C-alpha cells in the first residue's frame, strides 16, 4: 500500500454517507467535502497530522497568495502526479527495501502484538474501560501506517532502549480546525516563505527509514542495545524531522488463511497481526523546532533553552490556551517565554481580519514514563479578532484560573484545620461525620482534589463560551459574565463538599473562616474593576 497513490485515508462524506477509504489525490484534487472517520480520537489526530506532513513536504505553497488559493481550489491532477514522483518509493508500507517508517531485517526472539503501537491500549490506567477488546488483533494497511506514525511522533518511548521522538515523550499538538478535511490540511501547511528562518534547506534529504541512523556499537550494561550515531538537530531538515522514526520496527503480515476486517477501523481487510522490534538508541544534540507544537523558553546558566509543551496534569486545555496562541519573548519582565506552534503563528499572520472564529484543535497524551494516563483531544473556539488581542486572551484565561485558586485555598485551609481537629477525636466521634480514623488520615487533600475536579468540570463550558463569544474590542462584558457565573460555581462547590461537616460544632468556626475570610474575600478581589461607563 502506497500513501501517495492508493486508497487509505479513512473518511466519510461530510453531508451524508458511509465510511470509506480514499486516496490522497482524491482528497486534494476533488471538491468533495470529507471528514476523518476513525474510532479513536488520537488516531484521527494522528491521521490529520500525517496528511498535513505529507502535503507540507510534497506540496508546500510558495507564499500567502498560493496558500489562500489552496484553501479555495483543488490541486490539478497534473500537478499532483508530477509532485509525488520523487517520493513514491519512500511512502510504501510494504516496500521490499525500505517500508514506510520501518527497518527491514529487524532481529528479535519473538514477535510483539500490535497493541504496542496503539498508545494506551495496554498501558493506560483505565484501558479496559475506554478501549474495546481486540482493537489491535489485526490492522489494515491504513491503520498500521497511522499507528506507526503516531507512535513515532506523539507517544512515549516504544519501550526501554528505544528513544522517544524529536518532541520528547508526550508533546502537545495544536492545529487549526477547517470546515472540511482538505481545508484543515491546507490551513496547517506552512508556506516556504515562512519556513526560511526556521529550517535548513537540505537537498536530497531522505527519511531515516531510507537513510537510517548509523549503527556504531553496543551500549548498556548487558550490551544488548544497539547504539547509533550522535545527531545534531541543525542537520535535520523538514522531511526527516516531520517523519522522524526513532525505533527499529518491522510489521509482520497476517496469515493468509485468516481473513477478517481490520479490528480498528473495520473498513478494510486486516493485513498485519504483529511486529518485530529491536532496542536501538542514539544521541541527539540541540532542539528541532517542530512546526506542530508550542514550546516554552527559559534561560539556564545564561543559555536559552527550549522545550515543547506537554500535558502534565488532568486540568483542561483552556488553562494553557495562552501558551497555544500567545507569544511571549524572554526579557526582564518574562523569565519564562512561550512560542505557539508555527502553524498557529502563520494563521495569526495570514488570517487577520477573518470574520470567522478560530477552531483550535489540541491533542496529545498525559503519561507516566511509558504508561498512558490520559488521552487528550479538545477543541477550543476563539472569537474573531483573536489574532490581534493576545493580552485579552491571556487575561481571560488568567481570570478563570484565579477563581479556581480562590476555591483551592479556601478548601485547603478547611482541610488542614479539619485534619488537626480529627486527630483529637476518638473513633466514636469520627463516625458521626462518616469517617473512620484510618480514613481521616488520608483526607488532607481529598477535598481539595474533589473541589478542583468539580470546578474544572462545571466551569469548562462557561470559560469556553466566554472565549468563543467575547468581543475582543470590548471584553468587559465577558469578564463580568465570568465573575458572576464562576463566583456562583465556587460557592456552590464549597457548600457541597463541606455539607457533611456543617453540623460539627468543632469545625463550625473553621468553616466560617474558610468561607468568609478566604473564599469570599478572594472571590471579591477577583472581580474585575470597571468604570461606570464600562459597566453601562
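Every number in this text was worked out from the coordinates using simple rules, so none of it is lab data. Note that the coordinates shown come from a computational prediction; the quantities given were computed from them, not determined experimentally. Positions of Cβ are backbone-derived with ideal geometry, glycine not excepted, and every protein chain shown enters the neighbour counts.
Couple of notes before you dig in:
- With contacts taken as Cα pairs under 8 Å at a separation of at least 6 residues, the range 288-347 carries a relative contact order of 43 percent.
- Within the chain, helix-based [θ] at 222 nm, where runs of 4 or more DSSP H residues each add -39,500 (n - 2.57), nearest 500: -11000 deg cm²/dmol
- Taking the average, over residues, of other Cβ atoms within 10 Å as the packing measure, peptides 145-151, 336-342 rank 145-151, 336-342 from highest down.
- Per principal axis, descending, Cα span of the range 352-397 in whole Å: 43, 21, 13
- Tail fraction, Cα-Cα pairs, the range 295-388, threshold 15 Å, whole percent: 66 percent
- Legend: translational diffusion of the chain by Stokes-Einstein, Rh = Kirkwood radius over C-alpha pairs, 25 °C, 0.890 mPa s; D = 95 µm²/s.
- The range 103-117 and the range 457-536: distance between their alpha carbon centers, rounded to Å: 54 Å
- Distance distribution note for the range 200-300: the fraction of Cα pairs above 20 angstrom is 58%.
- With Cα atoms, 0 to 90° folded angle of helix 41-58 axis to the chain main axis: 50 degrees
- P(r) weight above 29 Å for the range 1-155, C-alpha pairs, percent: 24 percent
- For the chain: relative contact order, % (alpha-carbon pairs under 8 angstrom, 6 or more apart): 14 percent
- Rounded, prolate or oblate (a/c below 1.5 giving rounded, otherwise prolate when a/b exceeds b/c) for the range 9-285 by Cα gyration tensor: oblate
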